[in-house]
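> First the structure, which I've put down as structure tokens, then a few questions once you've had a look.
The values are calculated or read from the model by the stated rules, or taken from the named source; none is laboratory data. Note that the structure is a prediction, hence the values are computed from the model and not measured. Virtual Cβ from ideal backbone geometry, glycine too; neighbours counted across all protein chains shown. Just so you know, the surface numbers come from the protein's heavy atoms only, side chains and all, with ligands and any DNA or RNA stripped out. Shrake-Rupley method; radii C 1.70, N 1.55, O 1.52, S 1.80 Å.
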Amino acid sequence: MNNKKITSNLASYLVLTIVSFIVLFPFFWMVSTSLKTDSEVFLFPPQWIPEAWEWFNYIRVFTEMPFHLYFFNSIYIAVLVTAGTCFLSALAGYAFARLHFPFKNVIFLFLLSGMMIPTEVTAIPLFNWMSKLGFIDTHIPLILPPMLGAGGMFGVFLVRQFLITVPIELDEAAKVDGCSPWRTFRSIMLPIATPALATVSIFTFMNSWNEFFEPLIYLNTKELFTLPIGLSLLTTDTGVDWPLLLAASTIATVPILVVFFLAQNKFIEGIANTGLK
């Protein structure tokens, strides 16, 4: 290995190390502060590692607020939205990529335009519609509209872009073997589209898990609140209990990390094959 290549590799490692430090520092500060006392949070110079780790802050998260309810509400809403979005994205993405029907591209472009509309624009009409259906103060507005809205169309777009790269000879071979379109989708295309669906599942789960605006306008009963709303209740007029807030935030990041590590290999493959890189 020549000197030029060694220097290039060292420079790459140095840049990656600096970027990794910048990305990981907020997470480190969150975990560190969650283990401090109130008096240690704003010490100057900052105390990076607490002298005595206050694990009791994590117990207070469950004793001073119904955290387990907020966590359960968020996790089941995010799982249902993710499962529904992946199911609908796989079906619609396969139809737009492999089947032939009139005005296919026009319909796809029309549906794709839904991704360009900000959530705030559709909030009032959607709220009125849900109110007439009697779904206010329920979790239904947080589950059904995201599957069929911009998030769902993003999933359709990813799956379609992935499947149009699959050789058409696979469809022709399946047709020769007597497979129907449904059998071709279920037995051939769906397993092939796993990387794209892993990408859809990570983006959808993260969006649903972190959603704050829609739960804020649809939910009134405290027992139905999701985690982002529950965390906001820790900020009051009298101040913020930072160790408690950051202990709750640390617990709230665990599901995101679990989903990412479970799907990371397929996620990277999906990003590479759907044109998002």
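> Run the quick spin-label model on residue 101 and residue 69: label points 7 Å from Cα toward the beta carbon, then report their separation in nm to one decimal.
4.4 nm
> Have a look at 152, 239, 192 and report the one farthest towards the positive end of the charge dipole of the range 137-277, computed about the Cα centre with Cβ charges (Lys/Arg +1, Asp/Glu -1).
Result: 192, furthest along the dipole toward the positive end.
> I would also like to ask the following. Under the 0.36 nm per residue contour assumption, what length would be gained going from the current alpha-carbon distance of residue 20 and residue 213 to full extension? Spell out each step's value before the answer.
Details: separation 193, 0.36 × 193 = 69.48 nm, distance 3.03 nm.
Stretched fully, the residue 20-residue 213 segment lengthens by 66.5 nm.
> Something else: Could you give the length gained on full extension between residue 76 and residue 254, defined as 0.36 nm per residue of separation minus the Cα-Cα distance, in nm?
That works out to 62.6 nm of additional length.
> How far is it, in nm, from the label point at residue 129 to the one at residue 238 when both lie 7 Å from their Cα along the line to the Cβ?
For the pair residue 129/residue 238, the computed spacing is 4.3 nm.
> Let a ≥ b ≥ c be the square roots of the eigenvalues of the Cα gyration tensor of the range 17-157; is it rounded (a/c under 1.5), or, if not, prolate (a/b larger than b/c) or oblate? Walk me through the intermediate numbers first.
Values: a/c = 3.00, a/b = 1.96, b/c = 1.53.
Prolate is the answer for the range 17-157, as a/c is 1.5 or above and a/b outweighs b/c.
> Just from its helices, what would the mean residue ellipticity at 222 nm be for the chain, if runs of 4 or more DSSP H residues each count -39500 (n - 2.57) and the sum is divided by every residue, rounded to the nearest 500 deg cm²/dmol?
Details: 14 runs with 195 residues, N = 277.
Roughly -22500 deg cm²/dmol at 222 nm, from the helical runs in the chain.
> Would you rank 139, 100, 68 by solvent-accessible area, highest first, keeping every protein chain in place and using a 1.4 Å probe?
Largest accessible area first, the list is 100, 68, 139.
> Another question about this same structure. Give, to the nearest whole percent, the P(r) tail of the range 1-94 beyond 20 angstrom, counting all Cα pairs. Could you put the intermediate results ahead of the total?
On the way: 2968 of 4371 pairs.
Value for the range 1-94 (Cα pairs over 20 Å): 68 percent.
> Rank by packing, highest mean first: peptides 102-111, 54-63, 242-251, with packing defined as the count of other Cβ atoms within 10 Å averaged across residues. Walk me through the intermediate numbers first.
Details: 102-111: 11.3, 54-63: 15.5, 242-251: 21.0.
Packing order, densest peptide first, comes out as 242-251, 54-63, 102-111.
> May I pose another question? Hey, what did the range 16-65 get for relative contact order, percent, Cα under 8 Å, at least 6 apart? Don't skip to the end; give the middle numbers.
On the way: 22 pairs, mean separation 16.4, N = 50.
With pairs under 8 Å counted, the relative contact order is 33 percent.
> About its Cα centre, what dipole magnitude does the chain give when the only charges are +1 on Lys and Arg Cβ and -1 on Asp and Glu Cβ, stated in debye to the nearest 20?
Working: 14 positive and 17 negative charges, 226 e Å.
Rounded to the nearest 20 debye, it is 1080 debye.
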